[in-house]
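S.K.: Handing you a structure now.
The values are calculated or read from the model by the stated rules, or taken from the named source; none is laboratory data. None of these values were measured; they are calculated from a predicted model. FYI the Cβ positions are ideal-geometry reconstructions off the backbone, even for glycines, and counts take in every protein chain you see. To get the accessible areas, we keep the full protein, side chains included, count just its heavy atoms, and leave off ligands, DNA and RNA. Shrake-Rupley method; radii C 1.70, N 1.55, O 1.52, S 1.80 Å.
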Amino acid sequence: MSRRFFGTDGIRGLANAEPISAATALKVGMAAGAYFTRGDHRHRVLIGKDTRLSGYMLEPALVAGFTAVGMDVFMVGPMPTPAVAMLTRALRCDLGVMISASHNPYHDNGIKLFGPDGYKLSDAAESEIEAMILGEAQPPLAEPAKLGRAKRLEDAGGRYVEFAKATLPKGQKLAGLKVVVDCANGAAYKVAPNVLWELEADVIAIGVKPDGFNINKACGSTHPRALQQAVLEHGADLGLALDGDADRLVMVDERGQVIDGDQLMAIVAESWLAQGKLSRGGLAATVMSNLGLERFINNLGLELTRTKVGDRYVLEAMRERGYNLGGEQSGHIILSDFATTGDGLIAGLQVMSALVDSGRKASEFCRRFEPFPQVLKNVRVQGAEPLQLPAVRDAIKAGEARLAGNGRVLIRPSGTEPLIRVMAEGEDERLVSDVVDSIVAALERAA
């Protein structure tokens, strides 16, 4: 069955337009609540959100839907996505919900569902819930005496703060580190600075004044310039930038240089390998991760398993292979010993732990490998499948042959726009650029 609502990361779209409307949120609450009502116990759901204005519309609509089918609701307010997943498990809830569009601007929003194990739902579960939303299977409503109740959990933030602190080795502190944290005016604007301060870091917090409109606006992991400037201005040792729902991280060294997700994975992999904490001799990353990371990982005697783009595919590969580390170049770092989804703050703590142990500056320690030159261009396409045309296929084969042994070519249709993404990387930047240009030219002629 084709899916009208659920994409690769829950339901997402423009706020106050379908499917991100109050009416659909009500139906989502009723359908998801009915799907997870199993047994005679009092069922309960935990709802978190980021700081978008539209969260005030979606949260009460979801609450109405859940209580209508007899579920009790815990509301935790602005809270990172990984905290919602963790609290869903810790409080033995039947379901968890995060209202967020992650790194998107304020005018977008989304509804992300987690099962009682804290993991995102399977495609099969989402399809069944979608069928109920569409009215193909009407959710059973509760009798008046069995309606659900709703309340706010005031200590939810404190629970997550303690959980995050406990992911560091026992007794380790961050005393002596001057850290800038950019919370993107998003879900972590309270908890992230508190965690760092309680671990005795000298904390400068930016992006901590949400107004409903400024989430991810010229700040956070997708706009690290604000963090770079703050690190240099305050003479900090390093900086952390989270995105709107805090499941993504990029860092900045004391010189203002960005440390991306590939470098972060390399740091954690090497550190955990040395401590005997890395499971099954490898990690998972997407096809977009730099070839330099793969060479670095292989030189450690480890395996790098590549997946399609998207943190859900990374997590699937981790669970299949028994890895406890995976992530994306964009900064989704999944540490499954601690979390069931990407957690920017906990990933940052692991990197800082390794940095403190090294006794070195971030600029010396955090660049674990030299990235291969990487060129990415987008080609707008229409109609027919240009990748199937002989001239385009010949151009791709020729490019792969020119980079054989010293690079790679990746051609990927966009999942959201009529674009084909052409990426190549290799040791020779001029050759890489030439290969990309030749494939782009063939696609443009075909279009």
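S.K.: Would you mind telling me which numbered condition in (1) within 18 Å of G212 (Cβ to Cβ); (2) under 21 Å from the mean Cα position of the chain (by Cα); (3) open to solvent by less than 20 Å² (accessible area, probe 1.4 Å) A61 fails?
M.R.: Condition not satisfied by A61: (2).
S.K.: Restricting the search to the stretch 289-321, which residues are open to solvent by 30 Å² or more (accessible area, probe 1.4 Å) and either under 30 Å from E126 (Cβ atoms) or among the hydroxyl-bearing types (S, T, Y) (or both)?
M.R.: If the condition is that a residue be open to solvent by 30 Å² or more (accessible area, probe 1.4 Å) and either under 30 Å from E126 (Cβ atoms) or among the hydroxyl-bearing types (S, T, Y) (or both), then R306, K308, V309, R312, Y313, E316, R319, E320, R321 are the ones that fit.
S.K.: Would you pick out the residues in the stretch 341-391 that are closer than 30 Å to L419 by Cα, in a helix (DSSP H, G or I) and touching a Leu at 6+ places or on another chain (Cβ under 6 Å)?
M.R.: Matches in the stretch 341-391: G344, P386.
S.K.: Could you say which residue among V435, V356, V381, V409 is at pLDDT 95 or above, more than 24 Å from L249 (Cα to Cα) and open to solvent by 10 Å² or more (accessible area, probe 1.4 Å)?
M.R.: Result: V409 is the single residue among V435, V356, V381, V409 that is at pLDDT 95 or above, more than 24 Å from L249 (Cα to Cα) and open to solvent by 10 Å² or more (accessible area, probe 1.4 Å).
S.K.: May I pose another question? As an exercise: evaluate K361 against (1) at pLDDT below 95; (2) over 30 Å from T81 (Cα atoms); (3) in contact with a helix residue (DSSP H, G or I) (Cβ under 9 Å, 6 or more places away or on another chain); (4) open to solvent by 70 Å² or more (accessible area, probe 1.4 Å) and give the number of the one condition it does not meet.
M.R.: (1)
S.K.: Return yes or no: is A401 outside any loop (DSSP other than H, G, I, E, B) and either in contact (Cβ under 8 Å) with a residue 12 or more places away in the chain or among the aromatic types (F, W, Y) (or both)? Spell out how you get there, then give the answer.
M.R.: Working: outside any loop (DSSP other than H, G, I, E, B): yes; either in contact (Cβ under 8 Å) with a residue 12 or more places away in the chain or among the aromatic types (F, W, Y) (or both): no.
Answer is no for this residue.
S.K.: Does G399 fit the bill of being buried (at least 19 other Cβ atoms within 10 Å of the Cβ), touching a Phe, Trp or Tyr at 6+ places or on another chain (Cβ under 7 Å), within 23 Å of T307 (Cα to Cα) and not hydroxyl-bearing (S, T, Y)? Lay out the reasoning, then the answer.
M.R.: Values: buried (at least 19 other Cβ atoms within 10 Å of the Cβ): yes; touching a Phe, Trp or Tyr at 6+ places or on another chain (Cβ under 7 Å): no; within 23 Å of T307 (Cα to Cα): yes; not hydroxyl-bearing (S, T, Y): yes.
Taking the combined requirement at face value, the residue does not satisfy it.
S.K.: Shifting gears a bit: Which residue, of A34, A15, is closer than 18 Å to E143 by Cα, at pLDDT 95 or above and out of contact with any helix residue (DSSP H, G or I) (no Cβ under 6 Å at 6 or more places or on another chain)? Spell out how you get there, then give the answer.
M.R.: On the way: A15 fails: closer than 18 Å to E143 by Cα.
From the options A34, A15, the qualifying one is A34.
S.K.: Would you confirm whether any residue within the stretch 231-252 is open to solvent by 30 Å² or more (accessible area, probe 1.4 Å) and within 18 Å of the chain's Cα centre (by Cα)? Can you show your working first?
M.R.: Step one: filter the stretch 231-252 for residues open to solvent by 30 Å² or more (accessible area, probe 1.4 Å), giving 232-235, 237.
Remaining after also requiring within 18 Å of the chain's Cα centre (by Cα): none.
No: the stretch 231-252 contains no residue that is open to solvent by 30 Å² or more (accessible area, probe 1.4 Å) and within 18 Å of the chain's Cα centre (by Cα).
S.K.: Give just the number: which of (1) among the aliphatic types (A, V, I, L, M); (2) under 24 Å from F365 (Cβ atoms); (3) touching a strand residue (DSSP E or B) at 6+ places or on another chain (Cβ under 8 Å) does L232 not satisfy?
M.R.: Failing condition for L232: (3).
S.K.: Do the conditions hold for T222, that is, is it under 21 Å from the mean Cα position of the chain (by Cα) and in a loop (DSSP other than H, G, I, E, B)?
M.R.: Working: under 21 Å from the mean Cα position of the chain (by Cα): yes; in a loop (DSSP other than H, G, I, E, B): yes.
Spelling it out, T222 is indeed under 21 Å from the mean Cα position of the chain (by Cα) and in a loop (DSSP other than H, G, I, E, B).
S.K.: Identify, please: which residue in the stretch 38-58 is surrounded by fewer than 24 Cβ atoms within 10 Å (Cβ to Cβ) and of a type in the set (K, R) and is, among those, modelled with the lowest pLDDT?
M.R.: R38
S.K.: Which one of the conditions (1) open to solvent by less than 40 Å² (accessible area, probe 1.4 Å); (2) without any contact (Cβ under 8 Å) to a residue 60 or more places away in the chain; (3) touching a helix residue (DSSP H, G or I) at 6+ places or on another chain (Cβ under 6 Å) does S21 fail to meet, given that it meets all the rest?
M.R.: (3)
S.K.: To continue, here is another question. I'd like the residue in the stretch 68-91 that is part of a helix (DSSP H, G or I) and open to solvent by less than 10 Å² (accessible area, probe 1.4 Å) and, out of all such residues, is farthest from L249 (Cα to Cα). If you could, list the steps in order and put the result at the bottom.
M.R.: Applying the first criterion (part of a helix (DSSP H, G or I)) to the stretch 68-91 yields 68, 81-90.
This time we only want the ones that are open to solvent by less than 10 Å² (accessible area, probe 1.4 Å), so: 81-85, 87-88.
Values: T81: 13, P82: 13, A83: 15, V84: 17, A85: 17, L87: 21, T88: 22 Å.
Only one residue fits best here, namely T88.
S.K.: Let me ask something additional. Restricting attention to the stretch 49-66, report how many residues are farther than 20 Å from E154 by Cα, hydroxyl-bearing (S, T, Y) and part of a helix (DSSP H, G or I).
M.R.: The total comes to 0.
S.K.: Out of the stretch 208-251, which residues are farther than 30 Å from G118 by Cα and touching a residue at least 24 places away in the same chain (Cβ under 8 Å)?
M.R.: Step one: filter the stretch 208-251 for residues farther than 30 Å from G118 by Cα, giving 218, 225-238.
Selection gives A226, L227, Q228, Q229, A230, V231, L232, H234, G235, A236, D237, L238.
Here is a yes/no grid of residues against (1) among the small types (G, A, S); (2) touching a residue at least 12 places away in the same chain (Cβ under 8 Å); (3) surrounded by fewer than 19 Cβ atoms within 10 Å (Cβ to Cβ); (4) in contact with a Gly (Cβ under 9 Å, 6 or more places away or on another chain):
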| residue | (1), (2), (3), (4) |
| --- | --- |
| I11 | no, yes, no, yes |
| N16 | no, yes, yes, no |
| A25 | yes, yes, no, yes |
| F36 | no, yes, no, yes |
